[in-house]
Amino acid sequence: MKKICVFCGSSTGNNSIYRETAKNLGTALALNNVGLVYGGGDVGLMGILARAVMDNGGHVTGIIPELLYKKVPHTHITELFVVKDMHERKSMMYRLSDGFICLPGGIGSLEELMEVFTWVQLGYLQKPVCILNINDYYSPLLMQFDHMIKEGFLKEGHHKNLIIKNNIDNILTEMFCHKTAYEDKWE
């Protein structure tokens with residue numbers, strides 16, 4: 001695993017644990033020679049994460065749409081790609097990454113997480129997807145997944161493809177060792 005894409009907030013959130021986790025994850029990526037692929041901005045958790053990777057000698061690839069490029073500051077990173085729109089951004093993120101981690105964030109982070117989870121479910125991706133449920137941030141979403149299984153709209157096997165972590169302990173080992181199992185949605 002050479003590059004991991006991290007979805008996270010362009011805000012920092014109200015609890016310092018989110019900022020600390022972003023910084024610690026960035027440090028862990030760099031110290032383990034795993035490159036970061038992210039949204040390209042120097043704001044919120046995104047900026048904290050990217051700076052931590054860079055401060056520890058790591059490699060950072062930012063991918064930002066033209067509209068956002070004009071609105072948000074950019075950190076000094078290894079490489080920054082300015083693309084036409086969000087679709088191009090996500091396509092490039094998915095292509096360049098060997099796995100995905102979702103830190104707390106807003107609707108953009110949630111949308112990116114749902115898209116890669118859908119792609120794994122449909123067999124378009126066979127890459128690990130991890131939800132970092134810091135401070136129980138994603139617990140309501142995880143309860144929704146359980147409800148979807150109970151009501152017959154999500155297969156248990158698809159849900160089991162997600163790595164759910166409450167902290168970053170051993171996260172890279174779990175990402176490296178995870179085997180995504182394709183289960184046909186329609187069988």
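Filtered by the rule that a residue be outside any loop (DSSP other than H, G, I, E, B), more than 24 Å from S16 (Cα to Cα) and in contact (Cβ under 8 Å) with a residue 24 or more places away in the chain, the stretch 130-175 gives G157, H158, L162, E174, M175.
Listed here are the residues, each with its yes/no results for (1) assigned to a helix (DSSP H, G or I); (2) in contact (Cβ under 8 Å) with a residue 24 or more places away in the chain.
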residue	(1), (2)
E20	yes, no
K23	yes, yes
G26	yes, yes
L29	yes, yes
V37	no, yes
M46	yes, yes
I63	no, yes
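Looking only at the stretch 98-115, residues that are without any contact (Cβ under 8 Å) to a residue 60 or more places away in the chain and either closer than 17 Å to H159 by Cβ or crowded, with 17+ Cβ neighbours inside 10 Å (or both) come to 3 in all. The number of residues in the stretch 65-79 being part of a loop (DSSP other than H, G, I, E, B), among the hydrophobic types (A, V, I, L, M, F, W, C) and either without any contact (Cβ under 8 Å) to a residue 12 or more places away in the chain or over 16 Å from I4 (Cα atoms) (or both) comes to 1. A single member of V116, V82 is farther than 24 Å from N14 by Cα and assigned to a strand (DSSP E or B), and it is V82.
T27 passes every criterion in (1) on the phi < 0 side of the Ramachandran plot; (2) surrounded by fewer than 17 Cβ atoms within 10 Å (Cβ to Cβ) apart from (2).
In the stretch 154-187, of all residues being more than 14 Å from P128 (Cβ to Cβ) and among the acidic types (D, E), the one that is modelled with the highest pLDDT corresponds to D169. Right, D55: out of contact with any Asp or Glu (no Cβ under 9 Å at 6 or more places or on another chain), within 29 Å of A181 (Cβ to Cβ), charged (D, E, K, R) and surrounded by fewer than 14 Cβ atoms within 10 Å (Cβ to Cβ) or not? For D55, the condition - out of contact with any Asp or Glu (no Cβ under 9 Å at 6 or more places or on another chain), within 29 Å of A181 (Cβ to Cβ), charged (D, E, K, R) and surrounded by fewer than 14 Cβ atoms within 10 Å (Cβ to Cβ) - is not met. For the stretch 86-99, indicate whether the set of residues that are of a type in the set (A, V, I, L, M, F, W, C) and either at positive phi or touching a helix residue (DSSP H, G or I) at 6+ places or on another chain (Cβ under 7 Å) (or both) is non-empty. Scanning the stretch 86-99 turns up no residue that is of a type in the set (A, V, I, L, M, F, W, C) and either at positive phi or touching a helix residue (DSSP H, G or I) at 6+ places or on another chain (Cβ under 7 Å) (or both). Taking the criterion of being part of a helix (DSSP H, G or I) and acidic (D, E), the residues of the stretch 85-113 that qualify are E88, E111, E112. Of everything listed in (1) closer than 26 Å to R95 by Cβ; (2) touching a helix residue (DSSP H, G or I) at 6+ places or on another chain (Cβ under 8 Å); (3) buried (at least 20 other Cβ atoms within 10 Å of the Cβ), the single unmet condition for I134 is (1). Within the stretch 58-68, restricting attention to residues that are buried (at least 16 other Cβ atoms within 10 Å of the Cβ) and of a type outside the set (V, I, T), the residue that is nearest to L25 (Cα to Cα) is G58.
The values are calculated or read from the model by the stated rules, or taken from the named source; none is laboratory data. All values derive from a computational prediction rather than experimental measurement. In this analysis, Cβ positions are derived from the backbone assuming ideal geometry, glycine residues included, and neighbour counts consider all displayed protein chains.
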